[in-house]
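Derivation of every value follows stated rules applied to the coordinates shown; laboratory data play no part. Quantities reported herein were computed from a predicted structural model and do not represent experimental measurements. As a convention, Cβ positions derive from the backbone with ideal geometry for all residues, glycine included, and neighbour counts pool all protein chains shown.
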Amino acid sequence: MTHTGDITPGRLSADQLSANFADAHPPLDGKNAVIEANRCYYCYDAPCIKACPTGIDIPSFIKKISTGNLKGSAHDILSANIMGGMCARVCPTEILCEDKCVRNAEGHKPVEIGALQRHATDTLFAAGTQLFTRAAPTGRKVAVVGGGPAGLSAAHRLAMLGHDVTVYEARDKLAGLNEYGIAAYKTVDGFAQREVDYILAIGGITVKTGMALGRDVTLSGLRRDYDAVFLGLGLAGVNALGAEGEDLPGVRNAVDFIAELRQAADLSALPVGRRIVVIGGGNTAVDAAVQSRKLGAEDVTLVYRRGAAQMSATWVEQEFAQTNGVTVKHWLAPKRVLAEGGTVSGVEFAYTATDAAGRLVETGETRVIPCDVVLKAIGQTFVPAPLTEGGVELLDLEKGRIKVDETRRTSLPGVWAGGDCVAGGQDLTVAGVEDGKRAAIAIDAWLRASAAADASAAAPAPLPA
């Protein structure tokens with residue numbers, strides 16, 4: 001980032017920054033966890049279970065908390081969702097399990113499922129208890145490309161089932177967006193890497209970082225060297241604004257800003273603008289806006305082209321942004337980034353509305369929001385280039401992402417995929433974990449069927465009677 005007059009590091013003291021980036025939602029203590037657990041009705045055929053993408057038996061794990069069996073509670077959680085600790089921190093529970101809590105129908109506050117899940121898993125991690133062991137080795141090898149939630153979930157389940165797994169990750173650390181793309185105040189004290197360490201502790205998983213598909217390894221090579229392949233590639237591209245001036249110094253992708261902040265050893269060394277505009281309506285936009293404010297920006301405005309109801313950020317995230325000093329403006333679409341002396345001075349927006357057919361249209365009016373930094377958060381895209389070899393696309397795509405069936409099998413034999421890179425995904429950590437788990441179970445069944453077929457073919461023919 002270019003350092004101009006209003007973009008400087010050290011706007012806040014170390015103590016202020018430490019307070020600003022402390023845990024946004026402090027965990028429950030033991031007493032309050034039991035009190036909250038006792039609010040659960042322990043429903044039979046509970047709707048909260050159906051709302052959880054990974055199918056955690058929520059009443060069961062909450063009941064165990066109420067009786068003091070935290071190890072059993074954590075087992076209920078992690079056997080369904082090996083990244084249950086992170087999901088307890090970042091899952092939009094307000095639109096998933098807690099939204100379906102039967103207490104809502106009575107006009108009461110739902111059971112704090114996410115907080116209870118965190119209590120159980122944090123207690124387990126603090127004790128250093130490993131719940132899972134490997135099955136007998138099968139002699140089969142599986143390559144996992146991408147060390148994010150989908151890839152790690154697949155790797156752990158495959159290792160648990162006795163297969164040898166090698167994870168190829170392009171970055172220096174595993175965990176994907178949990179490490180690089182989520183606000184620092186949601187996952188404090190290096191939790192993303194502590195969770196990775198827990199997953200790898202099962203054994204049977206080899207990690208190769210700095211290895212990118214299409215650059216260091218190829219899909220055809222992996223299919224040759226391994227018995228099966230799982231692709232958890234994530235979304236490497238970022239949508240463009242399509243506005244004049246978006247290449248100016250001071251305009252950057254919000255995901256890059258968040259990654260830089262998450263990897264910073266000293267937050268006071270990060271430059272931050274005095275007036276910042278964030279363009280977008282999702283969780284990435286909220287995370288970028290709130291963290292800018294917490295770094296010391298004086299004015300942060302989050303701008304979205306439609307209304308609050310159309311934002312992909314949940315109502316909890318939107319409220320969190322506003323209570324942390326972010327101004328949210330709706331029905332404005334970016335037209336051009338303005339500059340003075342070659343650097344950003346503001347953004348011109350067009351007022352928008354929906355027509356009778358529900359289409360977004362400009363009203364003809366415009367306004368300018370002054371700023372010295374613009375953060376773009378209008379969505380990420382899948383980059384299929386690593387899946388193309390010799391000009392030939394190796395996999396079928398659907399709506400720009402990898403086409404898979406219900407088991408997450410792709411169009412290419414022996415290859416499965418999951419997470420944000422597949423068509424129809426939810427772009428949530430919990431959804432990626434479920435994809436990886438589901439694919440691992442399918443891969444295991446496929447490998448065992450292949451082994452049985454090979455054994456049958458190798459068996460000597462019966463002697464004639």
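Averaging 1/r over each pair of different alpha-carbon atoms in the chain and inverting the result gives 23.9 Å, the Kirkwood hydrodynamic radius.
What fraction of the Cα pairs in region 154-211, stated in percent, has a spacing above 16 angstrom? More than 16 Å apart: 47 percent of the Cα pairs in region 154-211. For region 23-127, the percent of C-alpha pairs falling in each 5 Å distance bin, counted from 0 to the bin holding the largest distance, reads 2, 14, 27, 28, 20, 7, 1, 0. Fully extending the segment from K403 to E244 would add 53.8 nm, taking 0.36 nm per residue of separation and subtracting the current Cα-Cα distance.
Chymotrypsin sites (Phe, Trp or Tyr not before Pro), restricted to region 1-97: which are DSSP loop and have at most 15 other Cβ atoms within 10 Å?
The qualifying sites are Y41, Y42, Y44.
Grab the beta carbon distance between T366 and E319, set R0 = 22 Å, and tell me the FRET efficiency rounded to 0.05. That gives a FRET efficiency of 0.15. The dipole here belongs to region 238-380: it is taken about the Cα centre, uses +1 on the Cβ of Lys and Arg and -1 on the Cβ of Asp and Glu, and is about 200 debye. The residue list P413, G346, C40 was ranked by how far each Cα lies along the charge dipole of the chain toward its positive end, using unit charges on Cβ atoms, and C40 comes out on top.
Pairs exceeding a 18 Å alpha-carbon distance, out of K31/K63; K50/K100; K141/K208; K173/K376: K173/K376.
Helix 113-127 and the longest principal axis of the Cα set of the chain meet at an angle near 60°.
Only the Cβ atoms of Lys and Arg (+1) and of Asp and Glu (-1) were treated as charged; on that basis the dipole of the chain about its Cα centre amounts to roughly 700 debye.
Could you work out the relative contact order of region 238-380? I mean the mean sequence separation of Cα pairs under 8 Å and 6+ apart, divided by the number of residues, in percent. Computed value for region 238-380: 33 percent relative contact order. The string of couplings for region 150-162 from the Karplus curve (6.51, -1.76, 1.60, θ = phi - 60°) is 5, x, 5, 4, 4, 4, 5, 5, 5, 5, 4, 7, x Hz, one whole number per residue in order, with x for Gly and Pro.
Computed from label points 7 Å out along Cα-Cβ, the spacing between R134 and R103 is 4.2 nm. Our summary gives region 153-215 a relative contact order of 55 percent, counting only alpha carbon pairs under 8 angstrom and 6 or more residues apart. Counted by Cβ distance under 12 Å from N69, the other residues give a net charge of +2, where Lys and Arg count +1 and Asp and Glu count -1. With a ≥ b ≥ c the root eigenvalues of the C-alpha gyration tensor of region 76-168, is it rounded (a/c under 1.5), prolate (a/b larger than b/c) or oblate? Judged from the Cα gyration tensor, region 76-168 comes out prolate (a/c at least 1.5, a/b above b/c).
Against the chain, whose longest principal axis comes from its Cα atoms, helix 283-295 is set at around 60 degrees. Look at the alpha carbon pairs under 8 Å that are at least 6 residues apart: their mean separation over the length of the chain gives a relative contact order of 18 percent.
Helical content alone sets the calculated 222 nm signal of the chain at -10000 deg cm²/dmol, taking -39,500 (n - 2.57) per DSSP H segment of four or more residues and averaging over every residue. Compute the Cα gyration tensor for region 238-380, then decide on rounded, prolate or oblate, letting a ≥ b ≥ c be the square roots of its eigenvalues: rounded whenever a/c is under 1.5, prolate when a/b is larger than b/c in the other cases, and oblate in all that remain. Oblate, because a/c is 1.5 or more while a/b does not exceed b/c.
Note down the magnitude of the dipole of region 318-373 about its Cα centre, charges +1 on Lys and Arg C-beta and -1 on Asp and Glu C-beta and zero elsewhere, to the nearest 20 debye.
So the dipole magnitude of region 318-373 works out to roughly 80 debye.
Charged neighbours of I369, selected by a Cβ distance under 10 Å, balance to +1 (K, R count +1; D, E count -1).
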